[in-house]
Amino acid sequence: MQTWAITISSPLGDTRAQLAFEEAGGALVGQMTGKGGDGPMENGRVEGDRLSWSCKIQKPAPMTLKFKGTRSGGEMEGSVKFGMFASGAFTAQLL
């Protein structure tokens, strides 16, 4: 199980959370924990250094966040779509 500190940049500012996941046959299985709520990572995929997953949050409003990014060593970066409303970016460091 890997644990990552993630910073999500949105039009409302930065939010910090934690990801804990493992890879299983090209899939990501784990959970995201943060002030927006805790929930399982869904639709997680790994293709080489590329990762994607979604996670439901409750705050500031119920929505599904969709992440796409790349991993290089102990760092990740990419984009995140906030439901149908907006998009932003994320960075993450392996703890």
Worksheet item: Which one, [x] 2, 13, 21, 23, 19, 14, 7, 1, 0; [y] 3, 12, 15, 15, 16, 16, 13, 6, 2, 1, 0; [z] 3, 14, 27, 32, 16, 7, 2, 0, gives P(r) over Cα pairs in 5 Å bins from 0, in percent as derived from the coordinates shown?
Response: [z]
Item to complete: Considering Cα pairs under 8 angstrom that are at least six residues apart, work out the relative contact order of the chain and quote it in whole percent.
Response: 24 percent
Discussion item. Counting only pairs 8 or more residues apart or on different chains, how many lysine pairs in the range 9-95 have their Cα atoms under 13 Å apart?
Written reply: 6
Worksheet item: Roughly speaking, what is the stretch gain from R16 to A89, that is 0.36 nm per residue apart minus the C-alpha to C-alpha distance, in nm to one decimal?
Response: 25.1 nm
Worksheet entry | Positive dipole terminus of the chain, leading residue within A92, T64, Q2 (C-beta point charges) | T64
Worksheet, complete the sentence: Taking every alpha carbon pair in the range 26-76 and sorting the distances into 5 angstrom bins from 0 up to the bin holding the longest one, the percent per bin comes out as 5, 21, 27, 23, 15, 7, 2
Item to complete: Quote the relative contact order of the range 1-43 in percent (integer), defining contacts as alpha-carbon pairs under 8 Å separated by 6+ residues.
Response: 28 percent
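Values quoted throughout were computed directly from the atomic coordinates according to the rules given, and no laboratory measurement underlies them. Please read these numbers as outputs of a predicted model, since none were measured by experiment. Every residue, glycine as well, gets a Cβ built from its backbone with ideal geometry; the counts of neighbours run over all protein chains shown.
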